[in-house]
Amino acid sequence: MESDLPGLVKQFRNALPIWAGNVAVAGLAGYVAARYLLGFDVLVSLVIATAMTATSVGIPARVWQRCDRLDTDNGQRFLDVAELDDLSGVVLMGILFAILPVVRQGGASGDIALAAGRKAGVFLASLTACAAACVVFSRYVEARFTRFLRRIETGPDPMLVMVGTGLLVAALAGVLGFSVAIGAFFAGLVFSRDPESVKVDASFTPLYDLFTPFFLMSAVV
């Protein structure tokens with residue numbers, strides 16, 4: 001909710017080479033270690049390499065936030081890289097699962113490319129539709145929705161409704177095949193352009209502290 005969307009867009013070009021380096025180095029290191037140090041076959045090595053490309057920056061992001069650095073140029077670049085990592089991890093894993101049966105059956109390179117292209121196309125179409133729906137809600141619904149909540153609810157109650165809305169957006173992203181982290185990011189951007197909504201952000205701190213350990217445990221498992 002505290003994200004500065006124009007700032008993210010401004011730093012996007014600078015974030016791209018950092019993200020590309022992250023994915024390439026992590027994926028290559030994972031493949032080399034699995035294939036040549038541990039002796040796994042090509043398919044297993046590809047799975048490990050793909051998993052290694054998805055990095056987690058939840059804890060560093062919290063540190064940057066506590067230091068009031070997320071609203072700087074470096075902070076916006078950091079968030080861009082984090083979201084690109086999350087997107088690419090989901091895309092690469094989806095493509096991998098699409099081509100694994102073809103590779104296992106000894107399919108031709110054309111069949112592998114077709115399966116990968118089809119999977120990437122479906123993902124990008126779903127992502128575009130989800131982002132467009134969030135933009136429409138943010139521009140034409142969110143301000144009225146927030147004012148309505150403030151009119152009928154008192155105290156911290158509007159925060160609970162906004163949390164519910166965020167969970168719904170995250171769940172929708174999960175149904176469409178993204179990670180719920182991408183959905184949560186979209187939900188935050190939906191409310192980020194409205195200063196009145198961002199003021200409610202302080203009420204989320206106890207919930208954030210409550211759910212963070214569960215996130216870390218699920219990531220480890």
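The values are calculated or read from the model by the stated rules, or taken from the named source; none is laboratory data. Small disclaimer: the values here were computed from a predicted structure and weren't measured. In this analysis, Cβ positions are derived from the backbone assuming ideal geometry, glycine residues included, and neighbour counts consider all displayed protein chains.
Does residue 20 fit the bill of being surrounded by 19 or more Cβ atoms within 10 Å (Cβ to Cβ) and at pLDDT 80 or above? Against the criterion (surrounded by 19 or more Cβ atoms within 10 Å (Cβ to Cβ) and at pLDDT 80 or above), residue 20 does not qualify.
Candidates 128, 55, 50: the one that is hydroxyl-bearing (Ser, Thr, Tyr), at pLDDT below 80 and either surrounded by 15 or more Cβ atoms within 10 Å (Cβ to Cβ) or in a helix (DSSP H, G or I) (or both) is 55.
Checking the conditions here, which among 13, 104, 35, 77 is over 20 Å from the mean Cα position of the chain (by Cα), modelled with pLDDT of 80 or more and of a type in the set (Lys, Arg)? Lay out the reasoning, then the answer.
Values: 13 fails: over 20 Å from the mean Cα position of the chain (by Cα); 104 fails: modelled with pLDDT of 80 or more; 77 fails: over 20 Å from the mean Cα position of the chain (by Cα).
The conditions single out 35.
If you check 144, 118, 150 for being over 19 Å from residue 88 (Cβ atoms) and at pLDDT 75 or above, only one passes: 144.
Determine, yes or no, whether residue 89 is under 15 Å from the mean Cα position of the chain (by Cα), closer than 21 Å to residue 177 by Cβ and outside any loop (DSSP other than H, G, I, E, B).
Values: under 15 Å from the mean Cα position of the chain (by Cα): yes; closer than 21 Å to residue 177 by Cβ: yes; outside any loop (DSSP other than H, G, I, E, B): yes.
Judged against the criteria, residue 89 is a match.
Considering the stretch 114-142 alone, what residues qualify as being under 20 Å from residue 179 (Cβ atoms) and among the charged types (D, E, K, R)? Hit for the stretch 114-142 is 119, nothing else. Residues that are modelled with pLDDT of 75 or more and hydrophobic (A, V, I, L, M, F, W, C) within the stretch 163-179 comprise 163, 167, 168, 169, 170, 171, 172, 173, 175, 176, listed in sequence order.
Per-residue answers, yes or no, for (1) surrounded by 12 or more Cβ atoms within 10 Å (Cβ to Cβ); (2) of a type in the set (Phe, Trp, Tyr):
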{"site": "41", "(1), (2)": "no, no"}
{"site": "68", "(1), (2)": "no, no"}
{"site": "75", "(1), (2)": "yes, no"}
{"site": "79", "(1), (2)": "yes, no"}
{"site": "93", "(1), (2)": "yes, no"}
{"site": "115", "(1), (2)": "yes, no"}
{"site": "140", "(1), (2)": "no, yes"}
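Hey, can you tell me all the residues within the stretch 95-113 that are surrounded by 15 or more Cβ atoms within 10 Å (Cβ to Cβ) and either closer than 28 Å to residue 12 by Cβ or aromatic (Phe, Trp, Tyr) (or both)? The answer is 95, 96, 98.
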